[in-house]
């Protein structure tokens, strides 16, 4: 069983839709939770990070962490074609140095 | 451009040949990572350097793989006697490693390896 599970999709939505992306994990020692965005043929770039449980909002993006359920989510409001990319959830232990990534969900936003 | 740079961007080689990838991290970053990414998968950790010291290697890194970071600056990843299963994107990332840092990784654009 992988430490981090993520549905690879693909997920196709119309422009303006609300997108929900999710990951589950097995190890309760994870404390930092991140979402990276990866465009085709590019390296991943950090989109958002959250420490422990709770919500964090940044513009059209909201990250949620539910440590009791070992479940994290990323919501994208008013999705745009430019949001079309692969979204990778990622986690790291407190004091750790190794980031563990999910498989990534491919998102297509149709104009 | 002061981001992470990787070279070459794409390497095609025949099975059994040796290949070497280079990574130049962001200059003030003391942590450097190598990850491998195959189609439809997320990046998988290979190895990690803090300055010039290699502190961890994944079990994915067989004896055919070796990484170095002389003088704590650029890093090289060498694959000897390549196999078709080595075909992947090799990603380099760096971070500051400061206390309280979230560990945000800054990735290069990757070196794609195709083994024929």
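The values are calculated or read from the model by the stated rules, or taken from the named source; none is laboratory data. Predicted model only: the values in this text are computed from it and were never measured. Cβ placement follows ideal geometry from the backbone for every residue including glycine, while neighbour counts extend to all protein chains displayed.
Residue count for segment A:34-45 under the criterion of being buried (at least 17 other Cβ atoms within 10 Å of the Cβ) and either more than 14 Å from residue A:83 (Cα to Cα) or more than 12 Å from chain B (Cβ to nearest Cβ) (or both): the result is 2.
All conditions but one from (1) within 12 Å of the chain's Cα centre (by Cα); (2) more than 19 Å from residue A:56 (Cβ to Cβ); (3) more than 8 Å from chain B (Cβ to nearest Cβ) apply to residue A:82; the one that does not is (1). The criterion of being farther than 30 Å from residue B:49 by Cβ and either at pLDDT 95 or above or under 16 Å from the mean Cα position of the chain (by Cα) (or both) holds for residue A:14. Of all residues in segment B:4-21, none are more than 9 Å from chain A (Cβ to nearest Cβ), part of a strand (DSSP E or B) and closer than 15 Å to residue A:99 by Cβ.
Residue A:104 meets all of the listed conditions (1) away from chain B (no Cβ under 13 Å); (2) more than 12 Å from residue A:32 (Cα to Cα); (3) under 14 Å from the mean Cα position of the chain (by Cα) but one, namely (1).
Screening residue A:96 on (1) in a loop (DSSP other than H, G, I, E, B); (2) in contact with a strand residue (DSSP E or B) (Cβ under 7 Å, 6 or more places away or on another chain); (3) surrounded by fewer than 19 Cβ atoms within 10 Å (Cβ to Cβ) shows it passes everything except condition (2). Residues that are more than 9 Å from every other protein chain (Cβ to nearest Cβ) and part of a loop (DSSP other than H, G, I, E, B) within segment B:42-55 comprise B:51, B:52, listed in sequence order.
Of all residues in segment A:1-28, those satisfying the criterion of being in a strand (DSSP E or B), out of contact with any helix residue (DSSP H, G or I) (no Cβ under 9 Å at 6 or more places or on another chain) and closer than 18 Å to residue A:102 by Cβ are A:4, A:5, A:6, A:11, A:20, A:21, A:22, A:23, A:24, A:25.
Residues checked against (1) outside any strand (DSSP E or B); (2) touching a strand residue (DSSP E or B) at 6+ places or on another chain (Cβ under 9 Å); (3) closer than 19 Å to residue A:26 by Cα:
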| position | (1), (2), (3) |
| --- | --- |
| A:36 | no, yes, no |
| A:41 | yes, yes, no |
| A:48 | no, yes, no |
| A:57 | no, yes, no |
| A:69 | yes, yes, yes |
| A:73 | no, yes, yes |
| A:78 | yes, no, no |
| A:88 | no, yes, yes |
| A:106 | no, yes, no |
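Under 10 Å from the mean Cα position of the chain (by Cα) and modelled with pLDDT of 95 or more - does that describe any residue in segment B:1-18? Among the residues of segment B:1-18, at least one is under 10 Å from the mean Cα position of the chain (by Cα) and modelled with pLDDT of 95 or more, which makes the answer yes. The listed residues are A:64, A:31, and the only one of them that is more than 14 Å from every other protein chain (Cβ to nearest Cβ) and assigned to a strand (DSSP E or B) turns out to be A:64.
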